[in-house]
Amino acid sequence: MDLGNAASVAYSAPELILIAAAIGIVAADLVVSAKEQLGAVALLACAAALVAAIGLRMPFSERWIVQGLLHGAEGWLWSRMLVVDGFAVFFKLVFALAAFVTIWMSLGSAEVQDGDEGEYYALVLASTVGLFYMASAANLLMAYLSLELVSLTSYVLTGYRRHDRRSGEAALKYLVYGGVASAVMIYGMSWLYGLAGSLEYLKIHDALTHGAADPLTVFVAVVLVLAGFGFKIAAVPFHMWAPDVYEGAPIPVTAFLSVGSKAAGFAILIRLFYPGLSESGEGGAWAPLAGVDWPGLMLVVCMATMTLGNLAALGQRNVKRLLAYSSIAHAGYLLMGFVVLNDTGLRAVLFYLVTYYLMNLGAFVVVMVVANATGREDMDGYRGLAWRGGAVPAVAMAIFLFSLAGIPPLAGFVGKFYLFAAVVEQRFYLLALVGFANTLVALYYYARLVRTMFLDQPRGDEGVVALDAHNAFLLYFLTIPTIALGLYWAPVIALAERSVRFFLG
Amino acid sequence: MDHVLTWMTFLPLLGAAVVLCLPSRRPGLIKRVALLSTLPTFALGVRLFAAFDRATTAYQYVDRTPWIASYAIDYFVGVDGVSITMVLLTALLCPLCVLASFGIDKGVKGYFALFLMLETGMLGVFVALDFFLFYVFWEVMLLPMYFLIGVWGGPRREYAAIKFFLYTFAGSVLMLVAMLVLYFGAAPHTFAIPELAGRGAVFDPRTQQLLWLALFVAFAIKIPAFPFHTWLPDAHVEAPTAISVILAGVLLKMGTYGLLRINYGILPAATLDLAFWSLAALGTFNIVYGALCALAQTDLKKLVAYSSISHMGYVMLGMAAFTPQGINGAVLQMFNHGTITALLFLLVGVIYDRAHHREIAGFGGLAGVMPVYTGVAALAFFAAMGLPGLSAFISEVLVLLGAWQRHPGLTIVAASAIVLTAGYLLWTLQRVWLGRLDERYAALPDVDARELATLLPLAAIVLALGVYPHAVLDLIGASLGHLNELVRAGAAAGVAPR
């Protein structure tokens, strides 16, 4: 049902809060000299957006939050441009949390705190608005606009350190790659529009069901669109930008890109390819429309992404680059849940995104703590970290890395378990074996960093690492759920399961 | 005795939490608290030993609560005759190892906290009756072990630690695949090991064999069976003494225990099909190969490490016999090897603490200056050799008797290899303890009270089980008989009851 414009305003509360805060910060930046106050405002705005997003799932008759999370409202917003449904709200929760932690990180980051960071917070909030819309877009036009909003703000954030050549180089590379990907994508979208006669996912779906187009033509259009989406999730062969951008951007921005941007890429990918280009069948199974073999294509992309990401990570000496390749590999793991064409696979993707959010952001927080104290991001800068004042960050990093490697009893293991369970259940045995082999390769480089931190002794030139209360609190905020979710995850998996629900008109 | 297994498993973890809260500047207190945290588990183990019902084949002291309902994952623990011996062995070795670690002076807090976590992991593996839980404990054990070898080990510790970690993890990954396939094959889907018993039969024989092999590789890496054994000499040599004891005494047994619990129980038909090559033949090869490698070693600790490979071969051979003697002998050998190798590693640790090297050629005539030490060493070496009257004799004879009925050729090879075993053990005994004393070691003190406290309990058990093996055989007999029948029946029927 179309909820109408008045209701649309109410359902856009999270986005409106973020937009108002962003504009407010830009204006206040002119008069306020203590910029951390602006950061505090941004932090509050994220928290408010989070609460508002939870509220989205709460019909006014039901005030009990958990109940509301599980039985939310669904419908069209703004003349069928956006939808609100379980799937969208799940992602909005993740984005609000990601922005929250990013801003929290930025407040304790030596790179960002240069005394003139007012507009930085506004940009993060604007980018978050883009992420929110990416989760809701049910129309090619909205999908494109929201994706570009995220991209443009990300280019600026990457180049935020104007006087740092690395930062500038990263921003330029990001811009060039992003521009090309986006051009290819919009070209593909124009094909889809031409074939189906509509920009709306559901109308495209109907047109293709009734044989509006030759499968090969649709396939070409799909491949072109995938260029843009693949760029956002950093899937092979559109991953080239990630290592350079992750290395050059300020660490909180890198963290934000690796979690927020990637999750949003998956949101937009799933919504177009599942309700848009597939048919829902018995028992949570999906079948691709019109004989278009995009699952076969994505299967190859998935295996290539995880393998290339992991193999390239093996040789990295810079921890940010290492985490960049690891995040490429994780895009591959996540795609495993995407290619099995089943609700259990999607559920696993959503759950994995939550665990990935915790452990990847956590790893970047530690990178930031070390960089703050010593200015180093290379592997040697981590030598003997545990034995020179950095015991807490080192232990936290070990927890995050082992979680990324998928070792119980940590959240990452549970996430991987659900992904692999979905793959084995649908009998993709080759994919399962490739995935498992990759897990093994990945353990090697994660364990190597752990080894550097614990088993190697400091040589004295690495500098002392101290942890201030601000960052310590942030570390605990991410570490504790990483362990807790590894021991008991039933509520989160229930939420993920109920969130695999698309509004289909 | 409510939830006794849960208490046994998690009390050490509680101890680890307490240790972490203690101030690092008081290492003495930390060590005592660590020792105290292992004792309740040991005491409960003794009570369990006394109260265990030896007549039934059912799982005892079962605790079962749903953990993750949507995947039918339970917190499900219990013991039967197979696992109780391993639980007892672990509960016994851990206090001794904590005592043996009192000499640690670097990162004391971390060491003992990790050690206690390791104990929880090991006990968890042996009591878990839910495959998922088993897997979690199996992996949980890896992390403390990695750090214990890597931080507190010898000169090549980093290499040894990562090698151990990667080998075991490679095996676990295969186990996870097999576990998922079994889960989705069972109707209704379940991870509960007792309910999965014989369920492997829903697959065609080829798939069953593939699953069996995936699980076998996971467990063979732990045993360690040739050609998956190469991590063992590195890990054993580099690990600190107490950790070598745990590695050889408990971790190796997880391999054979896993085979009995998972491969035998769930895939009986494939077990019978594949046992000859993968267990009997490979086990015999292990016996000979381990003994030959041990003969060639110049490092005392490496010699003991290779002797472990050799002795674990008897376990594999006995398991593959599918006769009551063979399988009982195998499990008894698991227990005996746990005590004897622990004793040997502790003895190596004693001399290493004094001389700071382990070169066999560098010693000689120690009997003259360290009489008590030499006495215990002689007992341990003779026990490892399988001298009648000591524990390993009974288990090795049972294994050979059992195996003779099914694999006579291999049994002849395995029995002949005892000559090699005697060769390297006696030769070492002669080179280290007899002969001319190097004057550098003329003033070496004999074992002190703490070291004696770690050695004597094990020596007493070795002696006692040599005379009265029924203390263990009674525990395991019923369950193993049942398991053996299950394998033979499952294979004869071709399809297990659904």
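The values are calculated or read from the model by the stated rules, or taken from the named source; none is laboratory data. Computed from a prediction, not measured in an experiment: that's the story for all the values here. Here the Cβ positions follow ideal geometry from the backbone for every residue, glycine too, while neighbour counts run over all protein chains shown.
Within segment B:461-484, can one find any residue that is acidic (Asp, Glu), outside the structural domain of residue B:50 (by TED's automatic domain parsing) and farther than 30 Å from residue B:358 by Cα? Yes: segment B:461-484 contains one or more residues that are acidic (Asp, Glu), outside the structural domain of residue B:50 (by TED's automatic domain parsing) and farther than 30 Å from residue B:358 by Cα.
Has segment A:86-98 got any residue that is outside any strand (DSSP E or B), more than 22 Å from the chain's Cα centre (by Cα), in contact (Cβ under 8 Å) with a residue 12 or more places away in the chain and over 16 Å from residue A:257 (Cα atoms)? Outline the logic, then answer.
Start the filter on segment A:86-98 by keeping residues that are outside any strand (DSSP E or B), which leaves A:86-98.
Pick out the ones that are also more than 22 Å from the chain's Cα centre (by Cα) and you get none.
No, because not a single residue in segment A:86-98 is outside any strand (DSSP E or B), more than 22 Å from the chain's Cα centre (by Cα), in contact (Cβ under 8 Å) with a residue 12 or more places away in the chain and over 16 Å from residue A:257 (Cα atoms).
For residue A:271, the requirement of being of a type in the set (D, E, K, R) and more than 24 Å from residue A:143 (Cα to Cα) is not met. Only a single item in (1) crowded, with 23+ Cβ neighbours inside 10 Å; (2) more than 10 Å from chain A (Cβ to nearest Cβ); (3) more than 16 Å from residue B:222 (Cβ to Cβ) is not met by residue B:105, and it is number (1). Taking each residue of segment A:1-14 that is farther than 17 Å from residue A:503 by Cα and looking for partners that are surrounded by 12 or more Cβ atoms within 10 Å (Cβ to Cβ) and among the charged types (D, E, K, R) with beta-carbon atoms closer than 8 Å, six or more apart or interchain, yields A:14/A:92.
A residue that is in contact with a Leu (Cβ under 7 Å, 6 or more places away or on another chain), touching a residue at least 60 places away in the same chain (Cβ under 8 Å), crowded, with 24+ Cβ neighbours inside 10 Å and not in a helix (DSSP H, G or I) occurs nowhere in segment B:242-252. Check A:398, A:405, A:391 and return the single one that is surrounded by fewer than 21 Cβ atoms within 10 Å (Cβ to Cβ), within 10 Å of chain B (Cβ to nearest Cβ) and closer than 17 Å to residue B:143 by Cβ. On inspection, the qualifying residue turns out to be A:391.
Within segment A:309-355, the set of residues being over 18 Å from the mean Cα position of the chain (by Cα), assigned to a helix (DSSP H, G or I) and not aliphatic (A, V, I, L, M) comprises A:310, A:343, A:344. Answer yes or no as to whether residue B:406 is within 27 Å of the chain's Cα centre (by Cα), of a type in the set (Lys, Arg) and within 30 Å of residue B:272 (Cα to Cα). Yes.
In segment B:299-311, is there at least one residue being within 22 Å of residue B:236 (Cα to Cα) and not in a helix (DSSP H, G or I)? Quick ask: steps written out before the conclusion?
Taking segment B:299-311 as the starting set, the residues that turn out to be within 22 Å of residue B:236 (Cα to Cα) are B:299-311.
Keeping just the survivors that are not in a helix (DSSP H, G or I) gives B:299.
Yes; the residues of segment B:299-311 include at least one that is within 22 Å of residue B:236 (Cα to Cα) and not in a helix (DSSP H, G or I).
Can you tell me which residue among B:188, B:155, B:194, B:227 is over 17 Å from the mean Cα position of the chain (by Cα) and within 27 Å of residue A:419 (Cβ to Cβ)?
Sole residue among the options that is over 17 Å from the mean Cα position of the chain (by Cα) and within 27 Å of residue A:419 (Cβ to Cβ): B:188.
Here residue A:286 meets each of (1) in contact with a strand residue (DSSP E or B) (Cβ under 7 Å, 6 or more places away or on another chain); (2) part of a helix (DSSP H, G or I); (3) surrounded by fewer than 24 Cβ atoms within 10 Å (Cβ to Cβ) with one exception, condition (2). Scanning segment B:263-279 for residues that are over 15 Å from residue B:186 (Cα atoms) and of a type in the set (A, V, I, L, M, F, W, C) returns B:269, B:270, B:272, B:274, B:275, B:276, B:277, B:279.
Of the helices (runs of 4 or more DSSP H) entirely within segment A:414-501, those holding at least 3 residues that are at the interface with chain B (Cβ under 9 Å from one of its Cβ atoms) occupy A:429-454, A:490-499. If you check residue B:200 against the conditions, is it in contact (Cβ under 8 Å) with a residue 12 or more places away in the chain, of a type outside the set (Asp, Glu) and either within 14 Å of chain A (Cβ to nearest Cβ) or under 24 Å from residue A:440 (Cβ atoms) (or both)? The answer is no for residue B:200. Close Cβ contacts (under 7 Å, 6 or more residues apart or on different chains) running from residues in segment A:291-304 that are under 18 Å from residue A:218 (Cβ atoms) to residues that are of a type outside the set (S, T, N, Q) and not in a helix (DSSP H, G or I) comprise A:292/A:277; A:294/A:277; A:294/A:288; A:295/A:288; A:295/A:341; A:301/A:235; A:301/A:236.
Selection over segment A:174-192 of residues that are without any contact (Cβ under 8 Å) to a residue 60 or more places away in the chain and crowded, with 16+ Cβ neighbours inside 10 Å gives a count of 10.
Taking the stated definitions as given, is residue B:47 of a type outside the set (A, V, I, L, M, F, W, C), touching a residue at least 12 places away in the same chain (Cβ under 8 Å), in contact with a strand residue (DSSP E or B) (Cβ under 7 Å, 6 or more places away or on another chain) and loosely packed, with under 15 Cβ neighbours inside 10 Å? It would help to see each step written out before you state the result.
Details: of a type outside the set (A, V, I, L, M, F, W, C): yes; touching a residue at least 12 places away in the same chain (Cβ under 8 Å): yes; in contact with a strand residue (DSSP E or B) (Cβ under 7 Å, 6 or more places away or on another chain): no; loosely packed, with under 15 Cβ neighbours inside 10 Å: yes.
Against the criterion (of a type outside the set (A, V, I, L, M, F, W, C), touching a residue at least 12 places away in the same chain (Cβ under 8 Å), in contact with a strand residue (DSSP E or B) (Cβ under 7 Å, 6 or more places away or on another chain) and loosely packed, with under 15 Cβ neighbours inside 10 Å), residue B:47 does not qualify.
The requirement of being touching a residue at least 40 places away in the same chain (Cβ under 8 Å), assigned to a loop (DSSP other than H, G, I, E, B), surrounded by fewer than 16 Cβ atoms within 10 Å (Cβ to Cβ) and more than 14 Å from every other protein chain (Cβ to nearest Cβ) is satisfied by residue A:504. Determine whether residue B:187 is touching a residue at least 60 places away in the same chain (Cβ under 8 Å) and outside any helix (DSSP H, G or I). Spelling it out, residue B:187 is indeed touching a residue at least 60 places away in the same chain (Cβ under 8 Å) and outside any helix (DSSP H, G or I).
Scanning segment B:101-144 for residues that are small (Gly, Ala, Ser) and assigned to a loop (DSSP other than H, G, I, E, B) yields B:101, B:103, B:107. Within segment B:346-358, can one find any residue that is part of a helix (DSSP H, G or I), aromatic (Phe, Trp, Tyr) and under 14 Å from residue B:451 (Cβ atoms)? The answer is yes, given that some residue of segment B:346-358 is part of a helix (DSSP H, G or I), aromatic (Phe, Trp, Tyr) and under 14 Å from residue B:451 (Cβ atoms). Each residue in segment A:16-45 was checked for being more than 17 Å from residue A:252 (Cβ to Cβ) and among the acidic types (Asp, Glu), and 1 of them qualify. Somewhere in segment A:250-262, is a residue part of a helix (DSSP H, G or I), within 18 Å of the chain's Cα centre (by Cα) and more than 30 Å from residue A:471 (Cα to Cα)? No. Take residue B:98 and tell me if it is in the same structural domain as residue B:8 (by TED's automatic domain parsing), surrounded by 22 or more Cβ atoms within 10 Å (Cβ to Cβ) and at pLDDT below 90. Spelling it out, it is not the case that residue B:98 is in the same structural domain as residue B:8 (by TED's automatic domain parsing), surrounded by 22 or more Cβ atoms within 10 Å (Cβ to Cβ) and at pLDDT below 90.
Considered as a group, the residues in segment B:140-168 that are closer than 13 Å to residue A:440 by Cβ and surrounded by 23 or more Cβ atoms within 10 Å (Cβ to Cβ) include one that is nearest to the other protein chains (Cβ to nearest Cβ), and that residue is B:165.
Of all residues in segment B:314-352, exactly one satisfies the criterion of being of a type in the set (Gly, Ala, Ser) and surrounded by fewer than 24 Cβ atoms within 10 Å (Cβ to Cβ), namely B:349. A single member of B:77, B:18 is of a type in the set (Val, Ile, Thr), in the same structural domain as residue B:241 (by TED's automatic domain parsing) and closer than 21 Å to residue B:254 by Cβ, and it is B:77.
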